[in-house]
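Take a look at the structure below.
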Amino acid sequence: MIRFFRHYIPLSLALLAGAEFVLFFLVAHFSTLQHGEYGLDATSWSAYKPWLFAVLFSLLNSLFGLYGWEWTTGVKSLLIRILGSLLVGALILAAGASLVPGLFPSGTEFFVGMALVGFSAILVRLLFMEWGKTTLFKKRVLVVGTGSRAARIEDLANSGEAQGIHIVGYLPMGTTHSYVPHDRLIHDEDRLYDIALRHGVSDIIVAIRERRGGGLPIGELLECKLRGMEIVDLPAFFEQQTGILPLESTNASWIIFSEGFSQGSRRDVVKRAFDLMISGAFLLALFPLMLLTALLIRLESKGPVFYTQERVGQFGQPFTIYKFRSMRVDAEKQGAPVWARKNDDRTTRVGRLIRRTRIDELPQILNVFLGHMSFVGPRPERPYFVRELAEQIPYYHARHSVKPGITGWAQVRFPYGASVEDAMQKLQFDLYYVKNHSLFLDLMILLQTAQVVVLGKGVR
């Protein structure tokens, strides 16, 4: 894992993105030199062609989820995503070539470039998958503990989500019962440092629930730390590997003393300026689409075009949120708020369409412009649900320390929440965002939001 502006990125994915950008640049350079009508004249637009080509397909591959883990589920998933990226890229290049011929490829140059891009994208990922099977470049990690917390680490490793590490085994600390496979246990009575040294360990993960009364070998861990080994507790491990802060192993003292969870006036000013600039541009650019959506809603059913609702904002302050109405007017005729559910029968036909494409969220751009919300942040909830969730979920109000957003880390990483259990899972992502939020993370989330819209994930 590498940390960039407080956000953790798997080193393997960063290398994949970097290598592919270089490949795309070389592809464009080759096809332009060999088949380009204008060549690579340093005094004309054509000099920028390889850079534009590489940036375009890197962004499109990101948009189609080719820098995540979902494409590794099978060859079909990989090919569909690459084909989607190629088709959209071909349309953009064709349109660009008709407007600025010297900046975009055309003719033989276009076809050669597209063929080599598709081949490169497949080849580099096949090599990436083979590279992922070896432990040669992975950190060797020892887990101290064999309880339920250690079992979560084992599950994470088995699912392939634990990137860049190789778990050499689990060290029991005087317990007789184990939640991890017995063949993964290390039965050794030596000092912790000697055990770690014998197994070539560079990192030690502490996964012990009870740390008082001698449950945690403080002296031995201190020795390992002073001798250059990295000691990681469970919240920090999951923060790095999965982008969450697990509620069951996070406590108030950890939040207070850990790095992050900081708010700064400079960041607030920059984010507000970004929100104002982008929301103003979006309101102008999307006005025709919003007008058409309003007309379709009015034609299908009687009632207001917009759906207004009280939500809880930063520091618990209430505000009115605006959305296009996607449900019947009597959707909550019982009087009490109801969780949204999959294939909700309360939605109208137009409502199902605008939900699937996220068009129903567009009026919230006005909330961003007015300062009630930001583009990126935890999703604002209704006061009724906030009271209910805060009573059942620890640290729930921590998500209100930043402005709510149209999209957020939880929205792009977790399906649509429709229960207390889902809200608890989403809070773990929200806590990660509150701890590590930065303009870079906001840009990453916006890029992944575009991917969610394109692939239609998490719709209800």
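Quick notes on this structure:
- Within the chain, the selection of entire DSSP H helices by a Cα span of 18 Å or greater along the long axis and an average Kyte-Doolittle value of at least 1.6 returns 75-99, 287-300, 439-455.
- Qualifying GluC sites (Glu not before Pro) in region 233-315, where qualification requires a DSSP coil assignment and no more than 11 other C-beta atoms within 10 Å, comprise GLU259.
- Summarising the strand pairing of the chain, around 40 percent of its internal DSSP beta bridges are antiparallel.
- Contour excess over end-to-end distance, with Cα ends at LYS76 and ARG3 and 0.36 nm allotted per residue: 23.1 nm
- The sum of -39500 (n - 2.57) across all DSSP H runs of n ≥ 4, divided by the residue count of the chain, sets its helix-only mean residue ellipticity at 222 nm to -16500 deg cm²/dmol.
- Modelled FRET efficiency - R0 51 Å, LEU26 with LYS302, Cβ distances, 0.05 increments: 0.30
- Cα centroid of region 64-94 to Cα centroid of region 290-321, whole Å: 34 Å
- Label-point separation in nm, GLN309 to GLU210, each point 7 Å along Cα→Cβ: 4.5 nm
- Label-point separation, SER12 to ALA390 (7 Å along Cα→Cβ), nm: 4.2 nm
- Protection-proxy order for peptides 271-278, 379-386, 426-433, each taking the mean of Cβ atoms within 10 Å per residue, highest first: 426-433, 379-386, 271-278
- Label-point gap, in nm, between LYS139 and ASP188 - each point 7 angstrom along Cα→Cβ: 1.9 nm
- Once the Cα-Cα distance is subtracted from the 0.36 nm per residue extended length, the TYR48 to ARG198 segment shows a gain of 48.7 nm.
- Label zone (ILE218, point 7 Å along Cα-to-C-beta; backbone nitrogen cut-off 19 Å) within region 138-163: 144-145.
- Taking chymotrypsin sites (Phe, Trp or Tyr not before Pro) across region 56-91, the ones in a DSSP loop with at most 13 further Cβ atoms lying within 10 angstrom of their Cβ are TRP69.
- Note on ARG328/ILE278: beta-carbon distance plugged into 1/(1 + (r/R0)^6) with R0 of 22 Å gives a FRET efficiency of 0.10.
- In range of the label at ARG266: residues from region 1-29 whose backbone nitrogen is under 19 Å from the point 7 Å along Cα→Cβ: 4-7
- Residues of region 413-443 falling in the label zone of GLU161, defined by backbone nitrogen less than 11 Å from a point 7 Å along Cα to beta-carbon, are 414, 429.
Rule-based calculations on the coordinates, nothing more; no lab input. Small disclaimer: the values here were computed from a predicted structure and weren't measured. Here the Cβ is made from the backbone with ideal geometry for all residues, glycine too, and neighbour counts use every protein chain on show.
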